[in-house]
C-alpha cells in the first residue's frame, strides 16, 4: 500500500520531465528555423525593356598632352584628380632666354625706326641740296650760272631723293620684318607652355614631368580626360530593332551597386561590332563626377509599359520563371508565366497572387517544404 503513492509521484515527475523536454526541443527547433527575406507580390506598371551592357568613357578618351618645345619646367600644375578649365596653363617652361631675345629684337627695331625717322623728316642734306639748286636756277635765269651746273645740282638732289625712297622702303620692310619676327618669337613663347585643350581632369597617374625637369620637344607631360562623358550601350542584334531615339532608359553601374541613373537614347549607330552587338549612345542625367571613365554596368531601355500588373523583384526569379513562395511557414516552389522583365522587376501573368510572400535573397539556401521564419522587406 505504501509503494503505490510513491510510484504515482514518480510517474507524475517523469511525465513533467518529458513535457519540459518536448517543449525545449520545440523551442530549439523554432529558434533554429531559417529566416527568409521575402517581399509581397504587388501591383505596379510592367515595363517591356531591352537590356544591354554599358561602359562610361570621357569624350575623346584619355589624351596624352605633349610639350611642343624643349626646356626647363618651371611650373607643373599636374596634381592627380585636379580639375582644369580650357586654356589653363598646366606646364610652363623657362622663357628667360626667349624673353631676352624678344627685348633685343624690339630694341633694335625701335632704334632703326628712330634713325629712319630722322633721315626722312627734315633731312639736312636734302635741304642744302634743294637750296643750292634754287640758287643756281636764279643765277642761270640771270645769266650768271651755266646750265650744266643747274643740271648737276638737280642730279644730286634726285640722288638724295632716291636714297630717301630706299630708306622709306627699308623702313616699311623693317616694320613687316619686325612683325614677322615678333610673331615667330611669340609663337615660340606660346609653345613653351602646355595649356588645357578642354575642361577636364588630370588622370590618376598624375604628372609625367615635374618642376625643374629638362624635357624635349614632343615629350609627354600629362595624361588628361574631358569632363564631358559618353555612355555607350551595347545591344544584341535581335533587340536593336526595338530601340528608338528618345526612349527612356535606366543604367546601373557596378561602382554604385543598386543605384540607378535615368537616361535617354540619344544616338544609334547602324553598324554592328564583331560580336554582332549594336552601339547606342545614352544621355545620362547625372553629375559627370559620378560617371567615372571606364565604369561598366547594365542598361534597361523602356520600349513599352503596361499598368496595374502583378510584379515581383527580378532577383527572386530562378531558372527563368520560378520563384520560392513562403506559405503557412513553409517554402513552396512555384512556376510562373513571366511577362515583361526590366532591370529590377518582372511581370507575373499567371501563377502568383497579390500579397503572396516571395523569397528575394539567398534562394539557394532554401528547399521546398522547408519550415522558415520570414523577414518582410519593402
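The values are calculated or read from the model by the stated rules, or taken from the named source; none is laboratory data. Please read all numbers here as calculations on a predicted model, not as lab measurements. In this analysis, Cβ positions are derived from the backbone assuming ideal geometry, glycine residues included, and neighbour counts consider all displayed protein chains.
Points to keep in mind about this one:
- In segment 288-378, counting only strands (runs of 3 or more DSSP E) that sit wholly within it, the ones holding 2 or more residues that are within 21 Å of residue 34 (Cα to Cα) span 322-327, 330-335, 357-359, 372-376.
- Of the candidates 54, 50, the single residue that is part of a strand (DSSP E or B), under 30 Å from residue 309 (Cβ atoms), assigned by TED's automatic domain parsing to the domain that holds residue 286 and at pLDDT 95 or above is 54.
Residue-by-condition table, conditions (1) surrounded by 15 or more Cβ atoms within 10 Å (Cβ to Cβ); (2) in a helix (DSSP H, G or I); (3) in contact (Cβ under 8 Å) with a residue 24 or more places away in the chain:
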{"site": "170", "(1), (2), (3)": "no, yes, yes"}
{"site": "176", "(1), (2), (3)": "no, yes, no"}
{"site": "180", "(1), (2), (3)": "no, yes, no"}
{"site": "189", "(1), (2), (3)": "yes, yes, yes"}
{"site": "194", "(1), (2), (3)": "yes, no, yes"}
{"site": "211", "(1), (2), (3)": "no, no, yes"}
{"site": "217", "(1), (2), (3)": "no, no, yes"}
{"site": "224", "(1), (2), (3)": "yes, no, yes"}
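- Selection of segment 339-362 for residues being over 39 Å from the mean Cα position of the chain (by Cα) and surrounded by 15 or more Cβ atoms within 10 Å (Cβ to Cβ) yields 348, 351, 352, 356, 357, 358, 359.
- Checked against the criteria, residue 154 does not count as under 44 Å from the mean Cα position of the chain (by Cα) and either more than 30 Å from residue 287 (Cα to Cα) or not assigned by TED's automatic domain parsing to the domain that holds residue 51 (or both).
- Meets criteria (within 30 Å of residue 152 (Cβ to Cβ), out of contact with any helix residue (DSSP H, G or I) (no Cβ under 9 Å at 6 or more places or on another chain) and assigned by TED's automatic domain parsing to the domain that holds residue 179) for residue 125: no
- Residue match in segment 130-148 (condition: closer than 30 Å to residue 65 by Cβ and assigned to a loop (DSSP other than H, G, I, E, B)): no
- Single condition residue 336 does not satisfy, out of (1) surrounded by 17 or more Cβ atoms within 10 Å (Cβ to Cβ); (2) without any contact (Cβ under 8 Å) to a residue 60 or more places away in the chain; (3) in contact with a helix residue (DSSP H, G or I) (Cβ under 8 Å, 6 or more places away or on another chain): (3)
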